Amino acid sequence: MKKILVILDGIVAKKLMKRIVESNTTENNYDVVYMNDAILPEQKPSNFTFYKFDPTSESKLAMVLDKDIHIQALVALNSKDEMLNVIKNIKARKNTLHISILDYWGIEIEDPYLNIYKGIEVLANGMVERLPNIPVMAQNIGLKQGEIMEIKIPFGSSYAYRYIGSIEQNEWKIFGLYRNERLINIKPSLILKPNDIILVIGKPRVLMQVYNAIGKSQGQFPMPFGHHLYFYLDMYIESKQRILDVIKEVKYLNNMFKSTKMIIRITRPTNVGVLDLIKESFKDDDSVLIRMDYHYEPMKKQLKNDMKKYDIGMVILTNEMFKVKEYAKEIKTLTIPIYKLGDELTGSIKKTTVLVNDINSYEQISPVIFDVASQLKTKTKIFDMDPIGEEEDKTTLLNHFENLAKIFNQKVEIISNDNNPIRELKKQTNTLQILPLKNEMFKQRFSWKFLYTNPDLISFDMKKYSQLLIPVIEE
């Protein structure tokens, strides 16, 4: 049992005494010195011993100090003079005893055994942390530098509707989550929702960056999946003209997502002239890194190494790669967004298109839709079409889209009718389709396309337009 000396008086003494009793685990023994009966708790635990006298009296305090071996002292008093006298009295008897004091007067004492808690700063921090958009940090835990923080997920955050396993947590980690005033068990498949409060731990500098990223509603993508863009190019399966076209599109994307770097991984190079053209296209761009693979290492190995090294948030692939069985197998396992380059590459996307299917997955990708649209400077077209007349009511989801559009200050057009959504999609020009990435998309399908009615699967099989595929948790 550890022995702790507590010396209390003044306006905070009663509250402090109550807090100590409430936190009592019976693992400590407490010697409490007090002067006013008002601070005494209603119930006196058996491991508490109370002494009523003036602690500025050296002889009286000495009796308590000499009686037991205390490992720590906690002192909260009403005046600076009383505090200094008590510290002096303790030091006279136990010079190496660790003392924690509550200071309202600006006491300056250089002593490795003295911990000074500035009362005014504690009060100020507590009040400021109640304001919106202010990070809440644990003041007196660990290194006391803010390495533990509480963050509320705002509506419209790029972290909202993201499952924890998809969030890049480098030098920081989510270790707790409160939802509706209940502590929720953390697991990779848990989806963060607006108004959730997460507890995070990490380097203070990193936590402030995470706090700022969570609080922002736009300009964050590809966060929270990672920071940078990654283009994987297999020259062996692409024609020369196709390579030149996709390089133009990659350059356009790199310019639109300005807060990121672009890593271009080239494997199986077949044409030195084309390689020179690629390098020439980015020679003056410091945000682009070109890496060569002359040995044709497996895609799995390349991706694993590069994702770890470069903090990849989105992988860019040609639609030709999805036809290669070896590549499709690896693409299926990716847990970050995939930008699939279609046949029609204009170098200028005018609108983003969404064909709403199921509520669960499209709610998850909703913040990404408007974040991407804000960075590409496009209008968003959402098609809510039910030609069969058997789909669930999506009114709540559509309202959700409209609210997000206001937060992101984006233009959105919602089209609801019973037309064929795929026919409407084929009519679009200069468009990027955004849809959830699902395991079913990679399953072998019959050659008779009319057997399928799922717009996600039909869209995925189309090669005309580029698509942004966002990983989701499937129920």
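The values are calculated or read from the model by the stated rules, or taken from the named source; none is laboratory data. Just so you know, these numbers come straight off a predicted model, no measurement behind them. Reconstructed Cβ throughout: ideal geometry from the backbone, glycine too, with neighbour counts over all protein chains shown. Accessible surface is based on the protein model in full, side chains and every heavy atom, while ligands, DNA and RNA are left aside. Shrake-Rupley method; radii C 1.70, N 1.55, O 1.52, S 1.80 Å.
Computed values, structure above
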| item | result |
| --- | --- |
| 0 to 90° range, to nearest 10: angle between helix 395-407 axis and the chain longest Cα axis | 70 degrees |
| Surface accessible to a 1.4 Å probe, Arg179 within the full protein complex, Å² | 50 Å² |
| Local net charge near His70, Cβ-Cβ under 11 Å (Lys/Arg +1, Asp/Glu -1) | +2 |
| Hydrodynamic radius of the chain per Kirkwood, over alpha carbon pairs, in Å | 26.7 Å |
| Degrees, to the nearest 10: 272-281 long Cα axis against longest axis of the chain | 50 degrees |
| Low-density loop positions, trypsin sites (Lys or Arg not before Pro), the range 254-305 - DSSP coil, at most 16 other Cβ in 10 Å | Lys258, Lys283 |
| Two-site FRET efficiency, Thr333 against Gln444, from Cβ-Cβ distance with R₀ of 25 Å, rounded to 0.05 | 0.90 |
| Greater than 23 Å apart at Cα, pairs in Lys377/Lys406; Lys301/Lys323; Lys329/Lys426; Lys15/Lys52; Lys329/Lys394; Lys258/Lys301 | Lys329/Lys426; Lys329/Lys394; Lys258/Lys301 |
| Principal-axis tilt of helix 58-67 within the chain, Cα atoms, nearest 10 degrees | 70 degrees |
| Distance cut-off 17 Å, percentage of C-alpha pairs in the range 330-418 lying past it | 54 percent |
| Length added when fully stretched, Lys60-Arg19, from 0.36 nm per residue minus Cα-Cα | 12.2 nm |
| Cross-link table Lys203/Lys309; Lys325/Lys379; Lys332/Lys463, entries beyond 25 Å C-alpha to C-alpha | Lys325/Lys379 |
| Segment Lys406-Phe53, length gained on full extension (0.36 nm per residue, minus Cα span) | 120.7 nm |
| Within the accessible area of the chain (1.4 Å probe), percent carbon and sulfur | 50 percent |
| Å² per residue, accessible surface of the chain at 1.4 Å | 52 Å² |
| Efficiency of FRET from Cβ geometry, Lys379 and Asn28, R₀ 60 Å, rounded to 0.05 | 0.40 |
| Compactness index (Cα Rg / 2.2 N^0.38 Å), the range 37-77 | 1.28 |
| Cross-link pairs beyond the 31 Å C-alpha cut-off, checked among Lys18/Lys193; Lys152/Lys464; Lys193/Lys279; Lys438/Lys464; Lys283/Lys340; Lys44/Lys187 | Lys18/Lys193; Lys152/Lys464; Lys193/Lys279; Lys44/Lys187 |
| Sites Ile71 and Tyr294, calculated FRET efficiency, Cβ-Cβ separation with R0 56 Å, nearest 0.05 | 0.30 |
| Radius of gyration and maximum dimension Dmax of the range 225-267, Cα, Å | 11.2, 32 |
| Pair-distance profile P(r), taking every C-alpha pair of the range 310-379, with 10 angstrom steps and integer % | 15, 42, 39, 4 |
| Stretch gain in nm, segment Ala92-Lys304, where the contour uses 0.36 nm per residue and the Cα spacing is subtracted | 70.1 nm |
| Ile116-Gln169 pseudo-label distance in nm [points 7 Å out on the Cα-to-Cβ vector] | 3.8 nm |
| Distance (nanometres) between label positions extended 7 Å along Cα→Cβ at Trp105 and Arg268 | 8.0 nm |
| Label point distance in nm, Ile184-Ile359, each placed 7 Å from Cα along Cα→Cβ | 1.7 nm |
